[in-house]
Amino acid sequence: MSISSSGNANLTGEDQSKGGGIATTQNQSLSVGYNAAPQSVGIMNSFLGYQVALYSRTGSYNVVVGGESALRLASSYNCVIGYSSATSLVGGGATTVVGALAGATIVSGRANTLVGCAADVGAGNVEDAVAIGSASSVGAKGGVAIGAGATAGGALSLAIGAGAQTASKGEINVMNRVCGYRAAQSNKYTLELNADLTRLGGALSFPIPSSWAVFGDVASKDLVFLSEDGVSTRLTGSFRPGVLNFTGQHRCRVAEGEDLLALRPGAVVVATGAYCDLDGCEDLLDVDEALPVVTLCRRARDPRVFGVNFYRTIHCTFTNIA
């Protein structure tokens, strides 16, 4: 190998005949590897690997790394990394392919991002697609598939999670638990939440330590809010704000030292005259959170009687006396 005064490296002798070594050309391109881009005349390309861009002639500003990758490259502004990746890529451009055997199908699509072993598109002319994950795939323009084996089949569809799949335009599938569909005629969008009702995680979960879950009860068609302790509150479709049943219940706090076992439902309690908030703090009370502190009534005709015990817990609920 000799280096000319212009800074170009030229293969000579036995190395050149084998097609190996390092070569730079007057078009400011670099080729490294056996038979690396031997026919390329594009400018500002960087080729590295065994027979990389073997049949490529045109195309500029590309970076191709990996044996037998981008064999037929003829477009510009591409980044291809991985063994035998983007082997059929010809036109398009502005595409990023990273991973062994990735982008095997793409031919003329542009502005695609494929990351992961065998990540690919479903057709050679797909554009603006994003596939991230081993064997993930996008079958139509603008689709996004994230996760091993995830497949976004519809245009502008989104599939997230291992094995998640979408088939129609604009469809959403998140780990097969949050699914969205667009009605073709009304152009309205339907979002479904699929949650295991026996688990606290649900389709939507709040950060620890709250550990709340929100989900739809398929049987009753109610929206359910489930706490970490298993207490649930429901919103029903038949609810009418103007029609209420007032039960006269008031949440209270049991005085420290009181025998909780004695506070059975139906036990009469008396007010101690003290108040606190939900955390037991007696200072700087808010009127919306002031809880009377009560204890078990142990004296006949005690004028401090506040109500009747309704629920057994540290934070008790009592029925008021009218």
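The values are calculated or read from the model by the stated rules, or taken from the named source; none is laboratory data. This is a predicted model, so every value here is computed, not measured. For neighbour counting, all protein chains shown are included, and Cβ atoms are generated from backbone atoms with ideal geometry for every residue, glycine included. Protein only, heavy atoms only, side chains kept; ligands, DNA and RNA dropped before computing areas. Shrake-Rupley method; radii C 1.70, N 1.55, O 1.52, S 1.80 Å.
Taking only the C-alpha atoms, wrap a convex hull around the stretch 34-187 and report its volume per residue in Å³ as a whole number.
On the way: hull volume 10.9 nm³, N = 154.
Value for the stretch 34-187: 71 Å³ per residue.
Solvent-accessible area per residue in the stretch 67-112 equals 34 Å², computed with a 1.4 angstrom probe and all protein chains kept.
Note that the stretch 121-173 presents 37 Å² accessible area per residue, ligands and nucleic acids not counted, probe 1.4 Å. Kirkwood radius, the stretch 72-114, all distinct C-alpha pairs, inverse of mean reciprocal distance: 9.6 Å. Backbone phi angles across the stretch 60-74, fed through the Karplus curve with coefficients 6.51, -1.76 and 1.60 (θ = phi - 60°), yield HN-Hα couplings of 9, 6, 9, 10, 10, 10, x, x, 6, 9, 6, 4, 10, 3, 9 Hz in residue order; Gly and Pro are listed as x. With R₀ set to 41 Å, the beta-carbon distance separating E282 from D217 gives a calculated FRET efficiency near 0.55. For the pair T233 and S168, a Förster radius of 56 Å applied to the C-beta separation gives a FRET efficiency near 0.95, rounded to the nearest 0.05.
Each label point was placed 7 Å from the Cα along the Cα-to-Cβ direction; for Y50 and E289 their separation is 6.9 nm. Each residue, L261 and D302, gets one label point 7 Å from its Cα in the Cβ direction; the gap between the two is 2.0 nm.
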